[in-house]
Amino acid sequence: MLAALIESLRPKQWIKNLSIFAAIVFSQNLHNLNMLLKVCAACLIFSLLSGCIYLINDVLDMENDLQHPLKCQRPIPAGRLNPKAAIITSIGLSCLCLAVAFWLEPQFGLVAAIYFALLAGYSLKLKQIVILDVMVIALGFVLRVVSGALVIQVEISSWLLLCTILLALFLALSKRRHELVLLDKYAVTHRKILREYSPYFLDQMIAVVTASTLMAYALYTMSAETIAKFNTTHLNLTVPFVLYGIFRYLYLVHQRGKGGSPTTIMLTDAPLIINVFLWLVSVEFILYLAK
């Protein structure tokens, strides 16, 4: 049961919480050990909180997941984890995480509580409201980035928040498209909100957020505020990595039929992994070493 419980917390999905590190990277405090440890703690707290939400979501969606070719293998729908045990664990673990969050930094604790409430609301109702469902997912990423700034008490650029929400929308819409195409006529049976979408409609929204994400990031790197803050004009050299990353992801979604799990893609697609690594190295060099 312990193995099934850990699997239901979905550790592989915790990679999404690495967005919490955005604030410490772009505030040029990555080499501050005390701040880094706080951000690591914040990342762990958000990972466990998201795991608690996964437990609740899997219990609520148990019947629908049985209709999905992959989700039916999850511990709860597969019968390897008792739903009651999952709910008890979720309540206990989330209370512990929120208590630690408030102890670590009250403002950070407040955002963590809002994050948990938002995702709980998503699991209960918001995922049934067209467009708002993907916007809630995107807002969850924004709260992660904001929490990473609050836990170390640094300011975060509005540009970075804009890039975060646009990129998150891109991933969420791509996931909806994958579900719609993969399940075909059974899509509505698995997720009712999919009846409100069509591949064409999703492609239109993906096109909008793709262009917006690229433009927002490019403008961020070239803005007077950014140049003054980092005392460099070279951050725009990282734009090609973002451009390639988005194009590669679109290729995987449209040509390879992937996109159902952004985490899986990030952990298994070698070109994308190399691209992200090179982006990180270039940001590290420009913001920290080329001084």
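In table form, for the structure just shown:
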read-out: Residue list for the range 212-239, restricted to those being under 13 Å from residue 163 (Cβ atoms) and either under 19 Å from the mean Cα position of the chain (by Cα) or free of Cβ contacts under 8 Å to residues at least 12 places away in the same chain (or both); value: 212, 213, 214, 215, 216, 217
read-out: In the range 72-109, the residues that are of a type in the set (D, E, K, R), surrounded by fewer than 19 Cβ atoms within 10 Å (Cβ to Cβ) and closer than 30 Å to residue 258 by Cα; value: 80
read-out: Residue ranges of helices (runs of 4 or more DSSP H) in the range 188-289 with at least 1 members farther than 30 Å from residue 72 by Cα and touching a Cys at 6+ places or on another chain (Cβ under 8 Å); value: 199-222
read-out: Residue 184 vs. criteria modelled with pLDDT of 80 or more and of a type outside the set (Lys, Arg); value: no
read-out: Filter pass, residue 161 being free of Cβ contacts under 8 Å to residues at least 60 places away in the same chain, under 22 Å from residue 229 (Cα atoms) and in the same structural domain as residue 214 (by TED's automatic domain parsing); value: yes
read-out: Candidate set: the range 240-274, residues that are among the polar types (S, T, N, Q) and under 18 Å from the mean Cα position of the chain (by Cα); chosen: the one farthest from residue 171 (Cα to Cα); value: 268
read-out: Yes/no for residue 38 being within 18 Å of residue 108 (Cα to Cα) and in contact (Cβ under 8 Å) with a residue 60 or more places away in the chain; value: yes
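The values are calculated or read from the model by the stated rules, or taken from the named source; none is laboratory data. Computed from a predicted model, the values in this text were never measured in an experiment. Glycine also receives a Cβ, built like all others from the backbone with ideal geometry; neighbour counts cover every protein chain displayed.
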